[in-house]
Each structure stands twice: as structure tokens, then as C-alpha cells.
1. Quick one: Asp138 ticks every box in (1) under 42 Å from the mean Cα position of the chain (by Cα); (2) away from the ligand (no atom under 16 Å from the Cβ) except a single one, so which number is it?
2. Take the conditions over 16 Å from the mean Cα position of the chain (by Cα), of a type outside the set (A, V, I, L, M, F, W, C), away from the ligand (no atom under 16 Å from the Cβ) and over 22 Å from Ser314 (Cα atoms) and apply them to Gly239. Does it pass?
3. Of all the helices (runs of 4 or more DSSP H) wholly in the stretch 395-491, which have at least 3 residues that are of a type outside the set (S, T, N, Q), over 24 Å from Asp380 (Cβ atoms) and out of contact with any strand residue (DSSP E or B) (no Cβ under 6 Å at 6 or more places or on another chain)?
4. Condition test on Val206, is it within 12 Å of the ligand (Cβ to nearest atom), closer than 23 Å to Ile102 by Cβ and not acidic (Asp, Glu)?
Amino acid sequence: MTTRVRFAPSPTGYLHIGGARTALYNYLFARHTQGKFILRIEDTDELRSSDEAVVAILEGLSWLGLDWDEGPVVKQDGSLGIKGAHGPYFQMERRALYFEHIERLLAEGKAYECYCSTDELKAKRERAQQEKRPPKYDNHCRHLTAQQVSAFKKEQRKPVIRFKNSGTGTTVFKDIIKGEVKFENALLDDFVIVKPNGVPLYNLAVVLDDALMEITHVIRGDDHISNTPRQVMLYQALGFKLPVFAHIPMILGGDGSRLSKRHGAASVTAYRDQGYLKEAVLNYLALLGWSTTDSQQLFESQELIKKFTLERCSGSAAIFDEQKLLWMNGEYIRSQSLDEFTDIAIPYLKEAGLLPALFDRERLKKIIKLEQEKVKYLTDIPKLFDFMLQDEIVYHEKDVAKVLKKEGSQTILEDMLERVNLLNNFTADSLEKLCRDYADEEGIKTGMVFHPLRVATSGRAKGPSLFHYLEVLGKDVVCVRIEKALTEFFR
Ligand code: GLU
């Protein structure tokens, strides 16, 4: 049997962290079992669904590299296309496929039309509340006579379709993560499965789609677990084979409430925009509810595929820890080879106007090497390297006041300029020796030399290893910068 799983977002907003994790678990499961990963858009909520949200969701999934085997795709020209043989993959385009099954449920007496108006239903609920009964539908329309139906039709009432729940016994299903789940049928009423406009509601649409798309495993957030008994009843009524269920626990924010916008960036692409590497986000998401027996933390994507199993998913909620994600991002940044990281850095530097169209890649690599270890967010890249890439040096006022304007700095810089100018072998080692020897001769602390030299040549008091960046800047630039600092602040 080929496993087939699906990620079925409702396009009512961007791809948030929870959705991305659900997509990832489906993806990992599909790849691990060499099955198929399907993307289906559940857009039956016409008021809340939008095309922008579809595009945002596809963008988030694509950024994470969660490539799906079937579903909608954005074509080269920006329009939407599809791939796969079980389409359409938008529920609203599947309506024609649903009719025959709805007809079948009606014909077999497993569902019925209900003409109760919203006001009537509200009144019934209120009465039930007053009488301290559960506010369940009273099955009023189960046994309408032909006259009653025609009277409703004359009134132009449009019926909903309700599922006829036996109301007795239990509905049981197996869940890989939660174990056996049992539900008393008496707790549910004759729930609505089709809206007055003929569009099926979620519980029916999801069952028909999963069955028709031959989904073998339904992996989704456990916020849906209360829907599952209704879906199981529908599977049984329709005569479809049940898929295997796996309900993944929710993700909570640090305060214990469900993760939301309040906890900071909740969309996946916001993490991209904040400067996270997709590998770090993927790795972090994978561990939000899943772990290996040895609690390994860092995984290559192939390794995740190899090791991921639903059985190792946790049964309790996961806490989203931004600090851990940040730590992981740093780990991934440091683990890139210099060439890889240079490729990652280039677009950020270009965007900031720090790289011309043509540039010396070897020199750029030397620059990147100075600070790769320190990068926390990719968005830090321009401000870490700008002083190495700009011709015009920008002096930070505070550092100038604190370091350059100190007693003695002028003489030190003048002496440095002279000595650096004479230095033939312009390497980090010889520069360091030059500065230390000078401090020795003058009987001053090395910091008295290092600090003004740094501010004069970088414009700021903090940065990469002094002598290493001076070496990369080169003698000419270093001399010009010392000269400039002298002119600007002392002469
Ligand atoms: N469309 C549902 C949602 O976005 C998912 C339903 C499911 O996975 O069964 O929450």
C-alpha cells in the first residue's frame, strides 16, 4: 500500500507556525514511507477564504521546501495550476463530486433536509437552556410530511442537510498519537453537513475528499479531534474505509495559551523575513512535538525523513521557545561552509546596496569569514559587514567621543599611520606585532593603541578581530582611513 497524506489548510490567512508543523509532519511521514504528500485547499468558508491567503500558504510551504506531490502550484507566469490525478484540489471546485454522495445519503435515509430557520433554532436552544437540557437539535425535521415540505418550499425556505445520528452507542477510532478514542454518540446531535446553498460543511467535505483522494493517514492538529467522531460516522454511513488518524497536540506560547500572533511572529514567512534560515525553522518545527529516543537536537533534512515516525510524536502540547529557535539558527549559520554562507549573504548585502553588480567573490569571502560565527539573524548581515564594503566610512559619534577623543589618541594614530605605511608584510600577525611593539616602546597599555585604531578604521568600537579585518581592508585603505580620522577629528 502506498501511503497518501494531505495538508489541508483553510486559506483564511498566512501559513502559521502550527500549520507549518502539521504540513511538515505530513511531509516527513510521506517521504519516510515513500508515499505521497497532497496539498488540498479547504475553501468552503467563502467569506473568510481568499486568493492572497492561498498564495501566502504556497509561498510558506515552498520556502520551507515542503514540496508536495499533488495539489495547486504557482506557474512561472504567476497563475495557479495543478499537479496530480486526484484533483481538483480546491474544495469549491469539487462541489460537483460531492453531489452524488449527498444524494446517496439522502436516498438511503442517512441524512435529511432540515427547514428550521435560524430563529427557530435559536429559540429551541434557548428553551433547552432554560430547561437545563443540552442544546441539541431536536430532530424536528427527521419526519416531515410531504405537505410540510411543500409548505416550507412555498415560503422559499432553503434547507440544510443534517446527518442522522443514531444517538446511541459509541464511535471509536484508533489514533496513533492519542490511542483509542471513544465518543458517546448521544453527545452529538443530527449535525449539519450541507449548507442551504448546497456547499458541504467541513466535516462532510473533508471525509469525501479524504476518501476520494485515497488518503491513508490523516495527520492534523488535535484541535480537530472533536470533529473526528462526526467524520467517522460519515465514513461509516458512506461505506468508505477509515484512514488512520494521528492528532498532533497544540503548540502553546510561553504563557501556556495557544500560540498566536500575540506571541510574536506567528507566520512562517515572518521568520524568513526576520532572518531565520529555513533549515533552522524546519529543524525547530520538527522538534515541536516529536523527538528521538536520544533527544537529538540537530538534524539534516534527510536525517529527519529517515528518523521521523508518528509513534514518536508526543501526546502533550509543545511550548514554542523562540530562544531555542534562535540558538538553532546560530548553529545552522555556523555550520554553513564559507561558500554556502557567502551565497546566503550576497542577497542581503545587495539589497542593502553594499555590493556592486560585479564584485570580487574571493575578497567577499574573506570579509564574511570575519563574522560568520557571530551572525544571529541573517538580517544582521548588512550591519556587520557594511564598514568593510563601503568606501565612505561612517563614524559612530558615541565611539568617536569615547575612544578617539581621548587624551593621546591623536599622537598614537599619527605614529600608527607612519609605521603602518612602512609595513611591507601587511598581515594580521605583523600588524599585531607592530601595535604591541609600539605599546611596549611607549610604555602604554595595548588597548590605548587597539581601540583608537579600530574606531579610526571601522568607525565603531566593536567588530571583528582587529588585525584580521585590517589585513582584509588592505594597507591603502587602512592608511586612508587613519588619515581621514585625523583630519576629521583633530586637525
Ligand atoms: N482545513 C482544516 C484547517 O485548516 C484542516 C482540516 C483537516 O486537516 O482535517 O484547520
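Coordinate-derived values only; no laboratory data. Everything numeric in this text was worked out from a predicted model, so none of it was measured. Here the Cβ positions follow ideal geometry from the backbone for every residue, glycine too, while neighbour counts run over all protein chains shown.
1. Asp138 satisfies all of (1) under 42 Å from the mean Cα position of the chain (by Cα); (2) away from the ligand (no atom under 16 Å from the Cβ) except (1).
2. Yes; evaluated as a whole, the condition is true for this residue.
3. Helices (runs of 4 or more DSSP H) meeting the threshold: 409-422, 428-442, 446-458, 475-489.
4. The answer is yes for Val206.
Results for (1) without any contact (Cβ under 8 Å) to a residue 60 or more places away in the chain; (2) more than 10 Å from the ligand (Cβ to nearest atom), shown as yes or no for each residue.
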residue: Val218; (1), (2): no, no
residue: Gly221; (1), (2): no, no
residue: Ala246; (1), (2): no, yes
residue: His263; (1), (2): yes, yes
